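Structure first, commentary second.
The values are calculated or read from the model by the stated rules, or taken from the named source; none is laboratory data. On a predicted model such as this, the values are computed, not experimentally measured, just so you know. When we count neighbours, we look across all protein chains shown, and the Cβ atoms used for this are built from the backbone with ideal geometry, even at glycine. Surface accessibility is based on the protein's heavy atoms, side chains included, excluding ligands, DNA and RNA. Shrake-Rupley method; radii C 1.70, N 1.55, O 1.52, S 1.80 Å.
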Amino acid sequence: LLESLSEQNGKSTEEIVEMISSYGNDGFISTTLKPESKYYAVAVGIDEEGMTTTEVVAQEFTTLAIEESANKLDITVSGITASSATVSVTATNNDPYIVAIEPTSAIEGMSDSELTDYIIQSNLAWGGLEQMTYNGNMDIEHLGKAGWEYEVIAFGYTNGLTTTDVLRHRLNMEDGGDPSACTFEFT
C-alpha cells in the first residue's frame, strides 16, 4: 500500500506515512459514500516506516437511505446585463437546497450525479456549502463576465446527499460594449 501510494503521489515513504497518519482521537467526514451501502472503518497503529504496531480494528457500518424531499424548485433569471443578473429560486417547502452558478464550459457533459458530486466536493473543502445552502425562496445577485454562458443549478441537499431532482437553467450574460467607443465627460 505504501509503495503504491508513494508512486501515485510522487512522495517518499516517510511523507506517505505522515500523510495517512492520525494522532490521538480523530474523526473523518466522507461525502463520497453511497446510500444504503455497507462499509468498514479500519484503523491500525503504524510506526514511522509504516510497519504495523497494533492489531487491526474494523467497524462495519451501513449508510442510511436517502430521504427524498418533496420540495419542488423553480429557477428564474432576470435583469441580465453584461456583468450581472438576478437569480431567484422559489421553493414549495422549507427543506434545504443548494444553488450553484457554474460556467457552462466547466460542467459540459456532466450527468446530474456527476454535477452534484462536483459541486459538493469543490465547495466542501473550503466550507462553501453553507453559503450555497438555502431554505425557502431566495434571490441572489450573480456577478458574471460579459458574453459568458453559465448554468444555474439547484437541488435538494441534506447531510451530504441529494434529496431532489437536479434543476438546471441556462444563463447567457449580455455581450459587453466596445471599450473604444466609451467616452467620459468631467465637470
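Charge dipole of the stretch 116-187 (Cα centre as origin; +1 on each Lys and Arg Cβ, -1 on each Asp and Glu Cβ, all else neutral): 260 debye, rounded to the nearest 20. Dipole size of the stretch 1-82 about its Cα centre, with +1 on Lys/Arg Cβ and -1 on Asp/Glu Cβ: approximately 540 debye, rounded to the nearest 20. When peptides 50-60, 157-167, 127-137 are ranked by their average number of other Cβ atoms within 10 Å per residue, the highest-first order is 157-167, 127-137, 50-60.
Candidates G45, I140, L33 compared by Cα position along the dipole of the chain: farthest toward the positive end lies I140, with charges placed on Cβ. Partners of K34 within straight-line reach, counting aspartates and glutamates whose Cα lies under 18 Å from its Cα and excluding those fewer than 8 residues away in the same chain: E60, E67, E68, D112, E114, D117, D165.
With N as its number of residues, the stretch 1-105 has a Cα radius of gyration that, divided by 2.2 N^0.38 Å, comes to 1.76. The relative contact order of the chain, computed from alpha carbon pairs under 8 Å that lie at least 6 residues apart in sequence, is 21 percent. Here the convex hull built on the C-alpha positions of the chain has a volume of 224 cubic angstrom per residue.
Averaging Cα coordinates gives a centre for the stretch 119-160 and one for the stretch 58-83; these two points are 10 Å apart.
Across the stretch 96-110, coupling constants 3J(HN,Hα) worked out from phi with the 6.51/-1.76/1.60 Karplus curve, θ = phi - 60°, read x, 8, 10, 10, 10, 10, 10, x, 4, 4, 7, 10, 4, x, 6 Hz, and Gly and Pro carry x.
Accessible area per residue was computed with a 1.4 Å probe on protein heavy atoms; K38 scores about 120 Å².
Remark: the stretch 45-187 carries a charge dipole of roughly 560 debye about the Cα centre, counting +1 on each Lys and Arg Cβ and -1 on each Asp and Glu Cβ. Of the solvent-accessible surface of the stretch 1-133, computed with a 1.4 Å probe over protein heavy atoms with every protein chain present, carbon and sulfur atoms account for 51 percent.
These residues, D47, D139, go from largest to smallest accessible area, 1.4 Å probe, as D139, D47. Among Y150, Y40, the order of accessible area from largest down is Y40, Y150, computed with a 1.4 Å probe on protein heavy atoms. Sparse packing (at most 14 other Cβ atoms within 10 Å of the Cβ) combined with a DSSP loop state is found for the following trypsin sites (Lys or Arg not before Pro) in the stretch 89-187: K145.
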